[in-house]
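To start, the structure under review is shown below, and the notes come after it.
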Amino acid sequence: MDHDDPFVQTPGAKGQAPLSFLEREHFPRRMFLSSLGFGLLAAARWAYDAIEGVGSLVSFGPARNLDSYAEFDFQNTNDLPGWTGVKGADPGWKKEEGAVRPTGPLLYHPSMNAIAGEASYIIHVAKGAASFVLHSDPELNSFYAIRVARVKNDLQVRGYLVENRKEKPLATPLITVPNAATRGAHLCTVTFDDEVMSLKINGTTVFSAQDATLQGGVIGLLARKQDSFYVFSSRIKLA
């Protein structure tokens with residue numbers, strides 16, 4: 001792949017410790033404190049989305065009635081069974097500021113043959129993009145991805161198909177969500193089956209693609225070397 005190859009890892013730089021993403025983003029303290037309350041047994045998950053200093057509540061809605069169900073609090077990586085890297089390697093993540101920052105492929109292997117489902121994540125994109133992986137083979141050679149990229153103050157959304165590690169955008173328009181990138185955390189909900197995949201941000205559908213025809217596979221998250229995003233919580237329903 002080109003310079004965006006997600007499989008290329010770069011060593012960490014040495015020197016003065018960088019600012020935390022909370023400091024860099026002026027991340028709302030209420031959002032950080034509220035993330036500590038996320039629990040595996042919570043009936044609903046929430047996050048504050050700071051808009052001009054006013055907090056708005058974001059909640060998980062009812063999960064679809066599918067076969068398997070799981071909730072994860074990404075503050076405690078010891079409680080995240082089933083998440084691995086490629087070929088069963090350790091998950092590519094770092095635990096930072098009460099969240100997990102993916103540093104590469106982060107795949108949910110109980111979804112090995114998932115043909116349909118709904119995966120919701122509360123995330124914050126600090127730099128680059130967050131990629132939601134669908135219908136992947138276990139080695140991440142071929143898969144679909146919905147990428148939520150930060151471009152200045154906006155979020156931009158587009159779908160991609162990777163075949164034999166070569167990426168091409170889907171024939172869907174680039175979607176821009178104005179002034180969303182600096183509003184704290186967002187609830188991103190991906191739904192998919194063997195023909196359609198879509199993405200909602202905070203309950204509003206912003207992306208939909210037809211003919212996503214890879215049959216079954218692993219779901220997960222992917223950070224390229226230039227990406228920095230944070231995951232607080234997730235809820236997954238699969239068939």
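The values are calculated or read from the model by the stated rules, or taken from the named source; none is laboratory data. A quick note: this is a predicted structure, and the numbers were derived from the prediction, not measured. Every residue, glycine among them, receives a Cβ derived from its backbone with ideal geometry; neighbour counts consider all protein chains shown. Side chains included, ligands, DNA and RNA excluded: accessible areas come from the protein's heavy atoms. Shrake-Rupley method; radii C 1.70, N 1.55, O 1.52, S 1.80 Å.
Observations, loosely collected:
- Set side by side, the residues Thr176, Thr191 differ, and just one is open to solvent by 20 Å² or more (accessible area, probe 1.4 Å), in contact with an Asp or Glu (Cβ under 7 Å, 6 or more places away or on another chain) and in contact (Cβ under 8 Å) with a residue 40 or more places away in the chain, which is Thr191.
- Enumeration of residues in the range 214-229 that are over 24 Å from Asn113 (Cα atoms), at pLDDT below 95 and either touching a strand residue (DSSP E or B) at 6+ places or on another chain (Cβ under 6 Å) or crowded, with 17+ Cβ neighbours inside 10 Å (or both): Arg224
- When Tyr121 is tested against (1) among the hydroxyl-bearing types (Ser, Thr, Tyr); (2) under 18 Å from Ala180 (Cα atoms); (3) surrounded by fewer than 19 Cβ atoms within 10 Å (Cβ to Cβ), just one condition goes unmet, and that condition is (3).
- Against the criterion of being surrounded by fewer than 21 Cβ atoms within 10 Å (Cβ to Cβ) and either in contact with a His (Cβ under 8 Å, 6 or more places away or on another chain) or free of Cβ contacts under 8 Å to residues at least 40 places away in the same chain (or both), Lys127 does not qualify.
- Residues of the range 203-213 that are buried (at least 18 other Cβ atoms within 10 Å of the Cβ) and out of contact with any Gly (no Cβ under 9 Å at 6 or more places or on another chain): Val206 alone.
- Checking Val157, Val151 one by one, the residue that is crowded, with 16+ Cβ neighbours inside 10 Å, of a type outside the set (Ser, Thr, Tyr) and modelled with pLDDT of 95 or more is Val157 and no other.
- Meets criteria (in a strand (DSSP E or B) and open to solvent by 30 Å² or more (accessible area, probe 1.4 Å)) for Glu167: yes
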